[in-house]
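Taking it in order: structure first as structure tokens, then the write-up.
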Amino acid sequence: MRNPSNRELAEAVGLRRPLEQGVYDLVVVGAGPAGLAAAVYGASEGLRTLVLERSGPGGQAGRSMRIENYFGFPTGITGSELADSAVIQANKFGARLSVPSPVTRLSFDNAYAVLQLNSGEAGNG
């Protein structure tokens, strides 16, 4: 591949699979610390959970060399360690993470929220 987009590269190496059409109980847009926490809590309660992220898990915190003020880590943790642990935990409970999946639009179809992705895919929540 020559100069692939993030999406093309992720698909080529098997990191991104097409989303299943269907209804999710919880759709989280953004896989920063708060989004990943929401995914862990939602999935652990049995909600069919989807996390959509445009670049990579962890958000801005995922690129931090040391986070020393994050609850539960009194000696600090790197942003990538925090993101990796959260992704493992979210997957453990069945949350589905799709990267890269930029959301471009939110609309409503009757009682359902519909998220449109820049790839043309749609997810219902």
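The values are calculated or read from the model by the stated rules, or taken from the named source; none is laboratory data. Keep in mind the model is a prediction, meaning the values are calculated, not measured. Heads up, the Cβs are rebuilt from the backbone with ideal geometry, glycines too, and the neighbour counts pull from every protein chain shown. Surface accessibility is based on the protein's heavy atoms, side chains included, excluding ligands, DNA and RNA. Shrake-Rupley method; radii C 1.70, N 1.55, O 1.52, S 1.80 Å.
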Among the stretch 1-20, those whose backbone N falls under 16 Å of a label point 7 Å along Cα→Cβ from residue 104 are 5-8, 19
Taking a ≥ b ≥ c as the square roots of the eigenvalues of the Cα gyration tensor, with a/c under 1.5 meaning rounded and otherwise prolate when a/b exceeds b/c and oblate if not, the stretch 52-111 is prolate
Within the set 42, 22, 72, GNM on the chain using Cα springs under 10 Å gives the largest fluctuation to 72
In nanometres, the difference between 0.36 nm per residue of separation and the alpha-carbon distance of residue 41 and residue 21 is 4.9 nm
Treating only Lys and Arg (+1) and Asp and Glu (-1) as charged, each at its beta carbon, one finds that the chain has a dipole about its Cα centre, in Debye to the nearest 20, of 260 debye
Bridge orientation stat for the chain from DSSP, antiparallel percent rounded to 5, came to 55 percent
With Cα springs under 10 Å, the Gaussian network model of the chain assigns the largest mean-square fluctuation among 78, 104, 49 to 104
Largest fluctuation, 23, 103, 13 only, Gaussian network model of the chain with Cα springs under 10 angstrom, belongs to 13
So the angle from the long Cα axis of helix 79-92 to the longest Cα principal axis of the chain, reported in degrees to the nearest 10, equals 50 degrees
Relative contact order as a percentage, the chain, C-alpha pairs under 8 Å and 6+ apart, gives 28 percent
Residue-normalised 222 nm signal for the chain, counting each DSSP H run of n ≥ 4 as -39,500 (n - 2.57), nearest 500 deg cm²/dmol, is -8000 deg cm²/dmol
Between the Cα axis of helix 33-44 and the main Cα principal axis of the chain, the angle (0 to 90°, nearest 10) is 70 degrees
The ratio Rg/Rh over the Cα atoms of the chain, Rh being the Kirkwood inverse mean 1/r radius, stands at 1.00
Scan of the chain for trypsin sites (Lys or Arg not before Pro) in DSSP loops with at most 14 other beta-carbon atoms within 10 Å gives a longest site-free stretch of 3-65
For the stretch 1-43, inverting the pair-averaged 1/r of distinct alpha-carbon atoms gives a Kirkwood value in Å of 12.6 Å
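Please calculate how many Å² of accessible area the chain carries per residue, with a 1.4 Å probe and no DNA, RNA or ligand atoms counted.
I get 63 Å² per residue for this part.
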HN-Hα couplings for the stretch 2-12 via Karplus (6.51, -1.76, 1.60; θ = phi - 60°), in whole Hz with x for Gly/Pro, come out as 10, 6, x, 6, 4, 5, 4, 5, 4, 5, 5
